[in-house]
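Below is a structure I'd like to ask you about.
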Amino acid sequence: MMNLPKNEMETIFNGIRDFILIISPDREILETNDAFLKHMNCKREDVIGRKCYEVFREKTRKSSNCHEKCPLETVIREKRHCRAELNRVAKDGKPRYTELTIFPIWEKKGKISKFIEISRDITKRKSDEKKTQDYLMKMVEERTHQLKESHERLLHQDKMASLGKLSSAVVHEINNPVAGILNLVMLSQRILKEDEIKEAELDLFRRYLGLMETETRRIGRIVGNLLTFARQSKIEFVRFDLNELIEQTLILNSNLLKLNRIRVIEELEHNLPLIRGSEDQIKQVVMNLLSNAVESMTQVSRKWLTIRTFSKEPGKTVGIEIMDTGTGIPREMISKIFEPFYTTKKKGKGVGLGLSVVYGIIQEHGGKIYVDSTPGKGTSFSITLFEDPPLEKKESDSPLEG
């Protein structure tokens, strides 16, 4: 490079917008450019001959992190230029961020004669990055909230679909006790019309009242179970008894099972550990699997539905298995049955959300679900749930053929 006159060198030196310091090996400032003086709001005589850390400490009124992060020692140790990011507090008390690079200048004997420090104020860039980060975080939070709302709506829509399947059975379930109550009311009115009511007739009247109370309470339980299941409740994890949940779901489906002449075999392990999860969602899982099992057995003569619960790893996991003797699922379809909107049912019989909702709920609980099916013999769904779900839910294994 050709030698330039001193005044031209000074013009170039001071024309650079980055802050430049020339520092001796013992940390004294030998030279600086106008950009640095303007940035620090000081004069040359306040800087030249001073230690660099003294200048920064005095001008910022507070100790910076120069000593902890100054790359000079790294430059000496590694014998190459080094970059660091320093934070300082300005006179107005606001934080300032500086990106700093130090280059060593070597003597002929291999010693460092001086350092050239080139730095720039990156406070605005940092501020812009923080704003962008905050904006992205806000967008993620809003999107997460929207997805959660969509998930809850999907769960509720699936519940309504399940209730639609139960509607015919529920009509029969309620119609029977209502007809019985009506007959008892008519018999009671006939007794009251008599001029003289004998003691035996009073006993019969009391018996009728007792039967009406029993049947009315039965209707109340049926309606209460339906309302509880249909309610769009808040999703919260609690400890509950899986066996008790299965019994409640079977009661809710009792007339559906009776109308379809399904034989239910319960193999529920006694003293099953309580599991932690959303009781409402797990009930929805069992409801969906029961409904699918009933539909798969409509065209077969042997209609057996087996429900098993068992402790898989004491103190860790609980298993549930629902097996039917229905038509089964073709092997090529097993890998698709948990996909949204995929269905093997005829047109008008469903939209294919049930099993995808089941899979989503089990994933949300950190559990696993597997399916094993043989066409013409039946299907088995196996679910594993944790007594205490992992704090960080890992992605569940893909549903596999057992």
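The values are calculated or read from the model by the stated rules, or taken from the named source; none is laboratory data. A quick note: this is a predicted structure, and the numbers were derived from the prediction, not measured. For neighbour counting, all protein chains shown are included, and Cβ atoms are generated from backbone atoms with ideal geometry for every residue, glycine included.
Restricting attention to segment 300-320, and to residues there that are surrounded by 13 or more Cβ atoms within 10 Å (Cβ to Cβ) and hydroxyl-bearing (Ser, Thr, Tyr), which single residue is nearest to the chain's Cα centre (by Cα)?
Residue satisfying both the conditions and the ranking: Thr317.
Here is a list: Asn292, Asn288. Which entry is touching a residue at least 40 places away in the same chain (Cβ under 8 Å), under 17 Å from Lys368 (Cα atoms) and surrounded by 20 or more Cβ atoms within 10 Å (Cβ to Cβ)?
Among Asn292, Asn288, only Asn288 is touching a residue at least 40 places away in the same chain (Cβ under 8 Å), under 17 Å from Lys368 (Cα atoms) and surrounded by 20 or more Cβ atoms within 10 Å (Cβ to Cβ).
Considering only residues that are loosely packed, with under 13 Cβ neighbours inside 10 Å and farther than 26 Å from Lys79 by Cβ, look in segment 18-43 and name the one that is modelled with the highest pLDDT.
Lys43
Give the residues of segment 370-402 that are modelled with pLDDT of 90 or more and among the aliphatic types (A, V, I, L, M), sorted by residue number.
Hits for segment 370-402 are Val371, Ile383, Leu385.
So, one more: Going through segment 169-206 one residue at a time, which ones are of a type in the set (Gly, Ala, Ser), closer than 19 Å to Arg217 by Cβ and at pLDDT 75 or above?
Selection gives Ser188 alone.
A quick yes/no check of all residues on (1) part of a strand (DSSP E or B); (2) buried (at least 18 other Cβ atoms within 10 Å of the Cβ); (3) of a type in the set (Asp, Glu); (4) touching a helix residue (DSSP H, G or I) at 6+ places or on another chain (Cβ under 9 Å):
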site	(1), (2), (3), (4)
Ile246	no, yes, no, yes
Thr249	no, yes, no, yes
Leu257	no, yes, no, yes
Ile265	yes, no, no, no
Arg276	yes, no, no, no
Asp280	no, yes, yes, yes
